[in-house]
Amino acid sequence: MVSSSVEGNSDKLLLELAQEPFASKFDMSKPVAVSALLPAPFDLGSFESWVPYLGKPIWRPPEHSPAEGYFTYVSELSDGARVGYVRIPDYNTNVDRLRFFSSLTQFFERDTQAMVIDQVGNPGGSMIFMYSILSHLIQEPVEPPPHTITIWEEDLEEATQALKNPSNDRNEKISYFRRIVSEHSAGRGKGDRPTTPLFLSGIEQVPPSNNPYTKPIVVLNSSLTMSAGEFLSAMLKESNRAVFFGEGTRGAGGCVRPVTYSSSVIPLFGTLTWTLGRRTNGEFIENVGIDPDVSYEIQAEEDIRSEDPYRSAIGFSMSGFQGYRAALLDVVSNLVEDPSFVFAQRPNDPAPIQNTEFQSRLEAHRAWRRSRSKTSTRERFDFLDRADVDLSSDDLAFIGMTNSNLRGSDFRNSKLSFANFYRSNLESSDFSSADLACCFFKGANLKCCSFRDADLRKAVFQGADLRGSDFSGANLQDSVFKGAVITDAVGLTDDQLKTAYRG
């Protein structure tokens, strides 16, 4: 039975176009066309995806509501719980879609016990629009991932013109434009020298809206969830705001621009990635993606060949995904019963890793490095307590060892590019001649370490303790030392630091 609240007030509430302070700071008066309402649910950006109905819908928006671009409904589950579902096909800017989403989350807040957000096959879109959507899903401010960017001529021209007449832009964007000009003047943002990390459009924090959704959220991703959809996932995951179900995302962790290549026959069209985002805990999204909390791979017998009774009941005949639905409803039911389930998925202090497990997981990471396929998994070693470990001359690129005790370890001659040592204790470790390009050492204890002759290009030492460490012969081009303690460090001469960023 439809609740009186849903039955009586939904149309009125959905037709109220909420004015939100965060979204109002940005110009969305010129909407970009919404993705075509594609009939095939497996296409990128399709209006309705292949995700099955959670149950028979008890509410759907009126036919002529402002639900442009969103397929949404409320289902009542077998235990009586009401769950709101909304399909986000893309993040293309559209002010009516944003206002509808604001009203929809208010409606879901009042009349549901949980929300399912379907991002399967979402190709991304505007980061600003995504931030505005995110503001309706969080209760505390969230820091977006900073980006290193390649500065195009139009970026520099826009920044230069804006700085001549700063009254036309908000303060955050003016600060961003100043950074663009400063980075360009320092020779960064050109060729193979991207900028030091900065926040797109100067947005260093996304605040919650006036009336955010506060109940449990499940986000559905697939291997074709990309770009802005992955950044939304990263920000929700780092704030422990949602549980992620399905597949790992694509790993398209930056912003792209359309380009045209001239040809003697026909012009060729494509896109180029011009930014790379890094999560606040140091994780890259590019080539890595966002892993699910609860993984599910489509099973042909259980899923594709099954009819969906709920679709059939309301006039649809497409095949259903019964196994997928059963697994998803299990997650939703757990969340409704115990909202702390979201935190239980990501323990802050995992059990100690035993020696045999450590070796097998190292080999699994090496296998992932060799294959880089979606079927193999990148290993993480967060909160690892293993001092004096010997990992010299090893290929450990992209490895994650955050918040770990690795004091006195040997990493000589190792390949550790893009490794993440966020807030780890690495005191007295030896990184001589190691490949540490783009390594993340934010907040790490690096006292008395040796970085002699190491490749530290674009490494991030923000807030790290580097007292007494040796950087003789190291390549520090475009590395970041903002807030780092470098007292008594050897080799950090003005010449050595002239291509680094000290902030």
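As a calculated quantity, the FRET efficiency between Asp330 and Val490 at R0 = 51 Å, using C-beta atoms, amounts to about 0.35. Take every pair of alpha-carbon atoms less than 8 Å apart whose residues are at least six positions apart; their mean separation over the length of the range 357-468 yields a relative contact order of 18 percent. Normalised by residue number, the volume inside the convex hull of the Cα atoms of the range 115-274 is 141 Å³ per residue. Working from label points 7 Å from Cα in the Cα-to-Cβ sense, the Trp152 to Asn240 distance is 4.0 nm. Multiplying the residue separation of Lys482 and Ser185 by 0.36 nm and subtracting their alpha-carbon distance yields 105.1 nm. Relative contact order of the range 139-228, taken over Cα pairs closer than 8 Å and 6 or more residues apart, is 43 percent. Using a Förster distance of 41 Å, how high is the FRET efficiency between Thr499 and Asn210, based on the Cβ-Cβ distance and rounded to 0.05? FRET efficiency, Thr499 to Asn210: 0.35. Cβ-Cβ distance of Val294 and Arg110, R₀ of 25 Å, FRET efficiency by 1/(1 + (r/R0)^6): the value works out to about 0.35. What is the sum of charges around Asp488, taking Lys and Arg as +1, Asp and Glu as -1, for the other residues whose C-beta is under 12 Å from the C-beta of Asp488? It works out to a net charge of 0. Put a dot 7 Å past the Cα of Arg178, heading toward its Cβ, do the same for Ser392, and the two dots end up 4.8 nm apart. Under 5 Å from the amide H of Glu379 lie the amide H atoms of His365, each residue being 5 or more positions distant or on a separate chain, with H modelled from the backbone and absent for Pro and chain starts. Only Lys, Arg, Asp and Glu carry charge here, each on its Cβ (+1 for the first two, -1 for the last two); on that basis the range 85-228 has a dipole of about 140 debye about its Cα centre. In terms of the mean number of neighbouring beta-carbon atoms within 10 Å, the peptides 152-158, 247-253, 458-464 order highest first as 458-464, 247-253, 152-158. One decimal place: the segment Ser78-Glu140 gains 19.1 nm when fully extended, by the rule 0.36 nm per residue minus the C-alpha distance. Contact order, relative form, for the range 55-116: 32 percent (alpha carbon pairs under 8 Å, 6 or more residues apart, mean separation divided by residue count). With 0.36 nm allotted per residue and the present C-alpha distance subtracted, the Arg370-Thr356 stretch has 2.9 nm of extension available. Taking the average, over residues, of other Cβ atoms within 10 Å as the packing measure, peptides 201-207, 477-483 rank 477-483, 201-207 from highest down.
Computed from the coordinates by the stated procedures, all read-outs in this text should not be read as laboratory data. This one's a predicted model, so the numbers in the text were calculated from it and none came from an experiment. Don't worry about glycine lacking a Cβ; one is built from the backbone with ideal geometry, like all the others, and counts go over all protein chains shown.
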